[in-house]
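Structure, as structure tokens:
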Amino acid sequence: MKLKIALVFSLASFFLSLIVFLTLSALFPSWDLSFWSGLLIFLVLEMLILSGVFDPKSPLFGSVFWRGSKKYPVLALTFDDGPSEPYTSEILEILRKYQIPATFFVLGKKIELYPQAIKKIAAAGQEIGNHGYSHQLLPLKSPGKVVKEIRRTEELVFSATGQRPRLFRAPHGFKSPWLVRAVRKAGYRPVAWTCGVWDTDRPGEKTIIQRSLKGFQNGAILLFHDGRGLEAKPDCSQLVKALPAIIEEALGQGYKFMTVSELMAVGRDTIKKVDAVTN
Ligand SMILES: [Zn+2]
């Protein structure tokens, strides 16, 4: 699927560069543009467009919140692809023990599988974000389909918790020229991350801790998983084992934790709010 997305957007880059090349040749005949200049235009456009699609942080198709203010030592822990038991409950218990806020980007299909777990996230006072319904890659989906994925999950979250999420994280962070606009029109803020820990590769508890520590920086959003795509019974045990050490190391280094929404408020420079949270 990723290859298909890359091919479609490369083809679009080719036609776009052809239009640019022909327009420049018509407007400036004295430039006498060669095949090589055409190739250069294509490569630059293709690189830009593919980074807009595949780089979750790229602002090319509209800004995405991927890091908070660098002024304050705060971190946001985020958990994608859940809920999945027993892991969501185990993570909630660790967060409760350390009194840490976090954000869970949930999948609609997983809510249907684990209806009690979404209620537990809400009851624990943790933030719920929307990760779509079926974890489909969205760059080739129409704006209508994107909104459908969002609304289906929104309704499931609402009927279970009475809350409507306002943050959306696209599966794998992949975007299209129209995705960010569709997400905003649906009333959501698009969110990515600063440090992907790739805990779903199950690289071992130690590696998960090391990768997380490398991601510590002011305003960082760390990406973890309490699920693995749509897998009904994923194995997130390594993350659950690693999480207390990650939290303790961060606290030891003087970091405080926030939800993604709180981190956004810091981005808007509400210093009083930061003081309230970090003191
Ligand atoms: Zn995901």
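Annotations
- Look at where the Cα atoms of region 70-110 and of region 1-47 average out, and the two centres are 43 Å apart.
- Amide H contacts for Ser69 (H built 1.01 Å from N in the peptide plane; partners 5 or more residues away or on another chain; cut-off under 5 Å): Gly267.
- In sequence order, region 101-113 has phi-based couplings of x, 8, 10, 10, 8, 9, 9, x, 4, 6, 5, 5, 6 Hz under the Karplus curve 6.51 cos²θ - 1.76 cosθ + 1.60, θ = phi - 60°, and Gly or Pro positions carry x.
- Cα gyration tensor category, rounded, prolate or oblate, for region 2-54 with a/c compared to 1.5: prolate
- Cross-link reach list, aspartates and glutamates versus Lys109, counting only Cα pairs under 16 Å and skipping chain neighbours closer than eight places: Asp80, Asp81, Glu85, Glu149, Glu154, Glu155, Asp226, Glu231
- In this calculation the C-beta distance from Asp32 to Asp55 is compared with R0 = 35 Å, giving a FRET efficiency of 0.50.
- For the chain, built as a Gaussian network whose Cα springs stay under 10 Å, the top-fluctuating residue of Phe216, Phe14, Phe54: Phe14
- Antiparallel %, DSSP beta bridges [both residues in the chain], to 5: 5 percent
- The equivalent ellipsoid that matches the C-alpha gyration tensor of region 151-194 spans semi-axes of 21, 12, 9 angstrom, in descending order.
- Excluding same-chain neighbours fewer than eight residues apart, the lysines reachable from Lys97 by a Cα-Cα span under 19 Å are Lys119, Lys120, Lys241, Lys256.
- For region 145-212 and region 124-138, distance of Cα centres in Å: 5 Å
- Of the peptides 254-264, 78-88, the order by per-residue mean of other Cβ atoms within 10 Å, starting with the highest, comes out as 78-88, 254-264.
- Of the DSSP H helices in the chain, those whose Cα atoms cover at least 15 Å axially and whose Kyte score averages 1.0 or more: 2-27, 35-54
A short reminder: the numbers here are calculations on the coordinates, not readings from a lab. Note that the structure is predicted; figures quoted are calculated from it, not measured. Glycine gets a Cβ as well: all are built from the backbone with ideal geometry, and neighbour counts include every protein chain shown.
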